[in-house]
Amino acid sequence: MPSEALPIPGSSMFTVTVGFVNRATLDKDPHEVASMFDAVARRYDLTNTVLSLGQDRFWRRATRSALRIGPGDKVLDLAAGTAVSTVELAASGAWCVAADFSVGMLAAGADRPVPKVGADATRLPFDDGVFDAVTISFGLRNVVDHAEGLREMARVTRPGGRLVVCEFSTPTNGLFATVYKEYLMQALPRVARAVSSNPDAYVYLAESIRAWPNQADLAHQIADAGWSAVRWRNLTGGIVALHAATKPLR
C-alpha cells in the first residue's frame, strides 16, 4: 500500500479490509462502500468528468479557493479517491495528504505526486490538531456516520483551522430540481453503463444524492459536530454546495 512508508505527521497505521461488491446500499456499510469504490477506481475520473459535463474541474478549483490555503499549511483531503482533488489543492503550495478508505482508489492514483494514506473518516489515524485545514469532496455522503466523521475532522484540525465540504446538494430552482432528479434516476445510470467500469455503483450514487440533506440541514449538522461560522455557497445552481466552517479557538 503506498502510504506505509510516507512521513505523515501525527498518523498511525490501521488495517483496511476489502471485499467485493458491485454497489452499496443506503445502509452504507463501510466494507461495501469501500469495495464498491474499489470496483469503479479504474475509470472513476473519466466517469466523473462525463457525468458532470466537465463541471468536476470547476468544483475542485472552487473548493481550493474556499479553503484559503497556501504555503506552510498542512491539509487533509479526506475521501480523496484517486487524489486528483489533492493535486488541485497542492497547487496552492500547501502540503496536502490524500486519505481514503478505498485502497483501490488510492492505487488508481498512485502516479499522482502527493502522499496517500488509508483512512476511515470515523476513525482518522492522525493526532489531534495536526492539520490547518480539512476538506472532503463528494465523500461525506458515503460515510456511515457522517456526524462522527465531522467530529473526527474537527479533532484533527487545529483551533482556528478550516473545513470545506463539497457535496451534491439541492438545486435552488424548483423546475431545475425536478429535471435534475429525473437525470439522476434515469439518465445517470444509462450514461454510467457506457463509461464506468462498475455502472451499478452509480445507481447507489443517484439514491444517495436524493437522500442527502439540503444545504441548511447540512449546515446545522456541521455546527452540531463542533464547527463554528458555518456558511454555504451554491455551485451550478445548487447541484453542488460548498459548506465552509472554522474550528473554534476554544
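Numbers for the structure displayed
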quantity	calculated
Selection count, the range 205-234, where residues are aliphatic (A, V, I, L, M), at pLDDT 95 or above and surrounded by fewer than 21 Cβ atoms within 10 Å (Cβ to Cβ)	6
Pairs, first under 24 Å from residue 33 (Cα atoms) in the range 72-83, second open to solvent by 10 Å² or more (accessible area, probe 1.4 Å) and of a type in the set (Ser, Thr, Tyr), C-beta under 7 Å, six or more apart	77/85; 79/137; 81/44; 82/44
Subset of the range 52-69 (residues that are within 14 Å of residue 80 (Cα to Cα) and of a type in the set (Val, Ile, Thr))	63
Flag if residue 211 is closer than 23 Å to residue 175 by Cβ and out of contact with any helix residue (DSSP H, G or I) (no Cβ under 7 Å at 6 or more places or on another chain)	yes
Sole exception among (1) at pLDDT 95 or above; (2) in a helix (DSSP H, G or I); (3) over 16 Å from the mean Cα position of the chain (by Cα) for residue 63, by number	(3)
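The values are calculated or read from the model by the stated rules, or taken from the named source; none is laboratory data. Since the structure is predicted, the reported quantities are computational estimates derived from the model, not experimental observations. Virtual Cβ from ideal backbone geometry, glycine too; neighbours counted across all protein chains shown. For the accessible areas, the whole protein counts, side chains as well, though only heavy atoms, and no ligand, DNA or RNA atoms are used. Shrake-Rupley method; radii C 1.70, N 1.55, O 1.52, S 1.80 Å.
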